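Worksheet: one structure, shown below.
The values are calculated or read from the model by the stated rules, or taken from the named source; none is laboratory data. Quick caveat: nothing in here was measured; it's all calculated off a predicted structure. Don't worry about glycine lacking a Cβ; one is built from the backbone with ideal geometry, like all the others, and counts go over all protein chains shown. Please note that ligands, DNA and RNA were not included when accessible areas were found on the heavy atoms of the full protein model with its side chains. Shrake-Rupley method; radii C 1.70, N 1.55, O 1.52, S 1.80 Å.
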Amino acid sequence: MFSQFSRNTVVLLGLILALALGLRLYRIGTYGIYFDEKSTLLISQSVVLEGYNQKDVFSKTYFTPAEFWKPKTFNDFMEANIRGDIGNSPVYYGMLWVWLKIFGLSDASLRMPSVIFGTLVVWLLFVFVRRHFRNVVRNDTSSFFGLSTIDTLALTSAAIAAIEPFFVASSHIARNYQMTIFLTILSTYVFLIIMERVQPPKSTSDASTTGPRYKEGGLLPLYVAYGLLFILSTLSHYLAVVVFLCHGLYAALFLRKLHAWVALGVTGIIGLVPIVLWFLFGGGKYTFFTLKNQADLYRKIALTNPTGSEFGTILPATIPNIAKRAIPIFSDLFIFINGLGPALGGLKNSLLAFTIGSIATFIIHKYRNVANPPTWVYVALPVLFLIGIPIYSVVPLRLLVLSAAIPFVYLISRYVVETIKTHQKRLLILLVLLAFLPTLFLLFMAWRSGHTFGITQRYSSVSFAYVCIFVAMGLIQLTRIRWWFSAPIAVILLIQSGFLVQLLGDIYADKAPKYTFFDKPRIANPYWSSAQKLKELYAPGDTILYPNKERKIYSEAIDKTYSPVTLIDAQMVNVYLPKDAQYIQRVDPNEPDRIVLVKGNSGQKITIFDFKGTTYRYGG
């Protein structure tokens, strides 16, 4: 059980959660859904992209919303999941189906689970740190606002998570990322409790301060919870399995009790049963087939057209190319160097920044405990950092931040040395595994697949929460060192904060491609607005014509459908039409872009919306 919260802790946590919720709610429904979100919406309604499970609807010349909305089965859900997301994330789509059943199909409603899980991630990170570091940190004395050391670390970690750009941006997207992050943190939380229960304390002080929590009792509910979280996490996103790989590596390093290994093994085997069944008989049965086809396609693009395809830049998976793509992924994990990817591209500038930072770190280390150092030490850091400004040939302020990042990393190490109990430092090994192994796994898979397409931040996003803890350690340690060292680093961190504010502004303006996938702001959902206009204008005898955008077939086995026309635009509008409507509709094979209402009494053609090619289709 938790020790009692202080009033200040409760107030500050409430403010942090309010900030997190506000940042995630702001402009949640402003911009139209893009291709992945279209897939999310259709899968959640058991509708297969391009109508594979609606042949009886779209094989006819005309169809109605009532026919589109005919009852669906679990087989329809699996088929939609297979063809819309390679059988991935059935738990997320099932949860979303229930949510949308209650709260409707608006864009805000579609994205709201991401907002809720994104806010819960902030809360859970606070709980995680407070629970699992409370007997890890030493000198548990009052600090800021009368907070204990552990509350300071927990609140700072949560505050960083609240403003983390990836967390904010992904909370605006109707995808599984925030739910998966929440489930994997909770899995790690339960795993560490199991590890505590099955191993005796390393010191009598731990035994006296923690009491009965080290007794091997009540383990069965924990194993059941851990097994359930393993299933839910993996079926929320397949790459969540890397988190459990980290758990296994940690256990291999520190778990020495056979019965505990047996219990974890049995838990894992039982947990694998529904996952294997999903792969054998459910929506996952075509996952590896689809992944192979995608890998072949992306590898071909990497070798023949690496910079000119509609999928963006896809390079052959050489070591230099992988390293080039990995740099911004690793740097943007850490909020204090977020956005430094371009700055790291120039070797000379980067080496200069690293050199300046290394010298500054050496000075801090040598004089950290000296109350009255030589006079030059007081100005050493400001002078060092400013020396590089006129020398850097590109993005000087970014490189200034890079130079300060070196001593900041040092501060994290000092926090570990000075605050974390020696015999408890092994918990940090798990944090390091969770912070870096998911991205390293992506790099390995890219090398194995022969292309760099999968090296993207969202696929290793389970790491962010644990990185927030390390960043919190550095910030807290910054307040403990001599002011002549902390002040210049703090000023540079304020500059970095300015970059973060600018990035959040770009995310809200929908022009941060790494986070929102677009550099020009989207308009509001054109399918929803078209449906509202059709409901207003349609009269019996009218006909709705949908466009037939040319669809590229990359794989006959995956992309080819029975229909000679493209159905996605018709499907998306019908999602927002009344489920019992008898509107007469068809796809016009000769019109690529416009939704048109033909008035039955006059033959007048009213353009409901013009997609203008790919301009307003947003990814497909």
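If you find the alpha carbon centre of the stretch 58-124 and of the stretch 230-269, how far apart are they in angstrom?
That distance is 30 Å.
Between the stretch 571-587 and the stretch 304-341, what is the C-alpha centre distance in whole Å?
41 Å
Cβ under 11 Å from F166's Cβ, F166 left aside: what net charge do those residues give with Lys, Arg +1 and Asp, Glu -1?
Working: positive: R458, K514; negative: E164, D332.
So the surrounding residues net to 0.
Given a Förster distance of 35 angstrom, what is the FRET efficiency for W447 paired with L277, based on the Cβ-Cβ distance and rounded to 0.05? Present the calculation step by step, with values, prior to reporting the outcome.
On the way: r = 31 Å, r/R0 = 0.89.
Rounded to the nearest 0.05, the efficiency is 0.65.
For K101, give me every one of the lysines with a C-alpha distance below 16 angstrom, ignoring sequence neighbours fewer than eight places off in its own chain.
Answer for K101, where 16 Å is the Cα cut-off: K70, K72, K579, listed by chain and number.
I'd like the antiparallel share, as a percent to the nearest 5, of DSSP beta bridges with both residues in the chain.
Numbers: 11 of 15 bridges.
Counting DSSP beta bridges with both partners in the chain, the antiparallel share is about 75 percent.
What order, most packed first, do the peptides 391-398, 284-291 have when packing is the mean number of other Cβ atoms within 10 Å of each residue? Walk me through the numbers on the way to the answer.
Values: 391-398: 15.5, 284-291: 17.0.
Highest to lowest by the protection proxy: 284-291, 391-398.
Assigning unit charges at the beta carbon (Lys, Arg +1; Asp, Glu -1) and nothing else, what dipole magnitude in debye, to the nearest 20, does the stretch 293-442 show about its Cα centre? Present the calculation step by step, with values, prior to reporting the outcome.
On the way: 12 positive and 4 negative charges, 75 e Å.
Roughly 360 debye for the stretch 293-442.
With every protein chain present, what is the per residue accessible area of the stretch 482-555 (1.4 Å probe, Å²)? Show your work: numbers first, answer last.
Values: 3680 Å² over 74 residues.
Per-residue value: 50 Å².
Can you tell me, using C-alpha contacts under 8 Å and at least 6 residues apart, the relative contact order of the chain as a whole percent?
Once divided by the residue count of the chain, the mean separation gives 19 percent.
In square angstrom, rounded to the nearest 10, how much accessible surface does K425 have for a 1.4 Å probe?
That residue has around 60 Å² of solvent-accessible surface.
Roughly how many percent of the accessible protein surface of the chain is carbon and sulfur, given a 1.4 Å probe and a whole-percent answer? List each step's numbers first, then the result.
Details: 17650 of 26660 Å².
The nonpolar share, carbon plus sulfur, comes to 66 percent.
Mind checking the per residue accessible area of the stretch 1-111 for me, 1.4 Å probe, whole number of Å²? Don't skip to the end; give the middle numbers.
Working: 4900 Å² over 111 residues.
Ligands and nucleic acids excluded, the figure is 44 Å² per residue.
Whole number in Å², please: accessible area per residue of the stretch 270-323, 1.4 Å probe, ligands, DNA and RNA not counted. Don't skip to the end; give the middle numbers.
Values: 3210 Å² over 54 residues.
On a per-residue basis, 59 Å².
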